Amino acid sequence: KTNMRGVDADVGNITKSVVNHVQTSLARQAYNLDNLGAYQAAALSVRDNMLVNWNETQLHYTRKAPKRAYYLSLEFLMGRTLDNALLNLDLKSQYKDGINQLGFSLEDLLEEERDAALGNGGLGRLAACYLDSSASQDLPVWGYGLRYKYGIFQQLISPEGNQLEAPDPWLDNQNPWELPRIDVNYEVRFYGQSERLPEGHGRAIWTGGQEVLAVAYDVMIPGCHTRNTNNLRLWESKPKRGFDLNSFNAGNYEGAVESSNSAAAITSVLYPNDHTTFGKELRLKQQYFWTAASLADIIRRFKNLGKSINEFPDYVAIQLNDTHPTLAIPELMRILLDEEDLDWNFAWQIVTNVFFFTNHTVLPEALEKWPVPLMEHILPRHMQIIYDINMIFLQAVEKKFPGDRERLARMSLIEEGFPKQVRMANLACIGSRRINGVAELHSQLVQTTILKDFVEFFGVSKFGNVTNGITPRRWLDQCNPELSKLISSTLKIDKSVWLKDLYKLKGLVKFAEDKGFRAEWAAIKQRNKERLAHHIETTLGFTVNTNAMFDVQIKRLHEYKRQTLNILGVVHRYLELKAMTPAQRKKINPKVVFFAGKAAPAYYIAKLTIRLIVNVARVINADPETKDYLSLYFLPDYSVSLAEVLIPASDISQHISTAGTEASGTSNMKFCLNGGLLVGTVDGANIEIAEEVGEENVFFFGHLTPAVEDLRYQHVYHPVPVDEACPALANVLNQISGGLFGDGGVYEPLVNTIRQGDYYLVTDDFDSYIRALAMVDDAYMDRDEWVKKSINTTANMGKFSSDRAIMDYAQEYWNLEPIPVGKD
Ligand code: 26W
């Protein structure tokens, strides 16, 4: 029995293969096996199935020799694999039965898997969704990243409410999903000397320094309802064999071991910062190590085609996920000049036709800059090339805008100062064929703020927008199986069809008027809330009130995302409840507020925000007068798997960044796809969600982007005390300072960010935020209308499938065709 994915779907054969893995791969006995062992054996058996398709896909791509695209991302936030693989292979029910016959439950086994958490947040999860969509649409796309030994830290919360960080040794239990490729390895050089050759053409010879080995690990990416199975190649750093034989010979054993440690250190840990740069040497080494190994691999694959190097852009597109892989630009120049012996203009022509650059944020502190002395030390040849690119580029700018010194200073790849710094966004911009932002508003902001000069120089057609998307496989079918089933049976369309053509959801609109359908829809939401409550009960021991509205904000902790606004709103609500009589309270819409998210370990204000949330929760959850109407939970250690439980359970979710700061947001899409409504600012993809689902179905508040600059100016130059500007907020802040949630002094630095300067405009948006939440309450009271909104929201989310986004990249950027396996 071979199913449409070309895999064996016979339950008997499935149990056989699982037992076989227990006995051989795990060297254990089936009669005394724990859940972890059973998970591992099941995973290995699923892996065997995927491998067949993976091999066939790679062979097919090699034979057809199409243009390929490579997605270079320093982060891939994959989460768990088993459930997703079973669904994509259409084997879930067979494995459920087979696992049952062996005396285990598939649901339990799924819980044994550790998340692959090789990312911080939105950018890393986007990369994972894009891999799923590429495979599902038969596009020849590979991902390239790093195989960090430690993913994003595990977050613990101390009794006082402080975030503590523990390492995440995710590979400790073995990883059945990766295939080590010790035969695929490249040497990567650091430090040393670069000498320009006298005969010129910009060539040089780079020697000496340290050489490190990059070893490939492949992760299979199965498409949905297709045999195409793509590849994610992750690099591990290792000392070069026999690397420091001299030290051993000299009896310096420890010195030799130390140098081997430093090679391994490169891929040891994912940097846990998002939106701030620190200029750390090891991070720059990670970036070069990864881009150099990936390019070497891409070029080797291209050369196997036997084509001449000037055809490189016809066969290769490389997408730069933010500026992190920008060194690929000078690295390709180095290879073309120093190794391929091309002349400068020819090489630059190739480079600028291969790369594409996506920007993910306009926050100034997130724009990568590397100190020139550091770059010169680690990558002397690349620094020369960057200077050469800069000189030629600035000559062209001078020609177009004669005498405009300030423009030259702004556009230069080198920022003056002590030390001078290399501006990676400028380099990525001039070295790429096209540049895009990740939502309409964001792409406009990119073009009118950080890259304005470049739009004036290159013309606007080099700049575009690709609004982000999410994979409906993981973010609906997998995380919300009951809703998925209801959709299929209502539309009378097999899920394999609508999951790959999400606009089909539009067919649900007419069922919003169907009472029976609404009841089923609401019952599923209720069961998802109970599933979340059960999860919290078993992991944290809290009993959650599932009769209340569930209000969720889950994302990295950051001032611009304004978790502060949310928690201050909670305190405001608490104070109002306290002031009411019991009879008045009875009329209030009961609400449970959930937060989850990690703060960068060095981000003091973000950590203090967590501390405040935890202590507000401690107080209000223990208040017998109010606790039936308002409770609050901070769920530790937010992850992809936790999101899969939280999102389907949400009635309302918060996306409340200061206008113009959140490039897109992608969890907003996940909530709405699962029938949760959205309260948010007019920012990022919220705007496009409202366009699709109708403004009557979202709760907008707050100032708009064009007002932000002036409001900030007012805070600095004409400050108005909070007591005058927003008395309701002032009252909340005073209660916190006054010690209602424990020692008020602790929170002064946080409260003062609002009292002084208020860069993220909490004061300006507070009243309008509270009004929006009141409208949410009113709307929720009319449950029938609410469920209609919920249905209409899901029904109109088709645009936000990452399939649409990836097709946009394939057509408007990479010029890529689908290459389906087994269809010719
Ligand atoms: C160098 C430090 C650093 C690390 C990561 C700076 C910036 C980043 C990322 C670009 C931050 C990030 O994840 N940005 C988010 O990207 C998502 C996917 O496009 C968007 O949906 C989010 O709005 C954006 O904040």
Would you order Phe701, Phe278 from fewest to most other beta-carbon atoms within 10 Å of each residue's own beta-carbon? Phe278, Phe701
Cut-off under 18 Å on the C-alpha distance; same-chain residues fewer than 8 positions from Lys280 excluded. Which lysines are left, in chain and number order? Lys369, Lys420
As an exercise, use a Förster radius of 25 Å and the Cβ-Cβ distance of Ile309 and Arg63 to find the FRET efficiency, rounded to the nearest 0.05. 0.65
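Over all alpha-carbon pairs in the chain, figure out the percentage whose distance exceeds 36 Å. Intermediate results must be reported in sequence, preceding the final value.
Values: 162944 of 339076 pairs.
Distances greater than 36 Å cover 48 percent of the Cα pairs.
For region 357-465, state the average projected area of the convex hull of the C-alpha atoms over all orientations, rounded to one decimal in nm². Walk me through the intermediate numbers first.
On the way: hull surface 27.3 nm².
Reported value for the Cα convex hull: 6.8 nm².
Per residue of the chain, what 222 nm ellipticity follows from adding -39500 (n - 2.57) for every DSSP H run with n ≥ 4, rounded to the nearest 500?
Values: 34 runs with 382 residues, N = 824.
Result for the chain, helices only: -14000 deg cm²/dmol.
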Qualifying trypsin sites (Lys or Arg not before Pro) in region 301-402, DSSP loop, other Cβ atoms within 10 Å at most 16: Lys307
Any helix of the chain counts here only if DSSP assigns it H throughout, its Cα atoms span 27 Å or more along the axis, and its mean Kyte-Doolittle hydropathy is at least -0.5, and such helices are 281-303, 380-400, 762-781
With the 8 Å Cα cutoff and a minimum separation of six or more residues, the chain has a relative contact order in percent of 14
Cα convex hull volume per residue for region 509-798, in Å³, equals 127
For Leu146, the residues 5 or more places away or on another chain with a placed amide H closer than 5 Å to its own amide H are Trp235
Where in region 450-511 are there trypsin sites (Lys or Arg not before Pro) that are in a DSSP coil and have at most 15 other Cβ atoms within 10 angstrom of their Cβ? Lys492
23 Å Cα-Cα reach of Lys399 towards lysines, excluding residues that sit fewer than 8 places from it in its own chain: Lys452, Lys462
Quick one: net charge around Glu199, please, counting Lys, Arg +1 and Asp, Glu -1 for every other residue with C-beta under 13 Å from its C-beta. -2
Alpha-carbon centroids, region 513-541 and region 651-675: separation in whole Å: 21
Tally the DSSP beta bridges in the chain and give the antiparallel ones as a percent, rounded to 5. 45
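All of the numbers you see were taken from the coordinates with simple rules; none came from a lab. Everything numeric here is computed off the predicted structure, so don't read it as measured data. Positions of Cβ are backbone-derived with ideal geometry, glycine not excepted, and every protein chain shown enters the neighbour counts.
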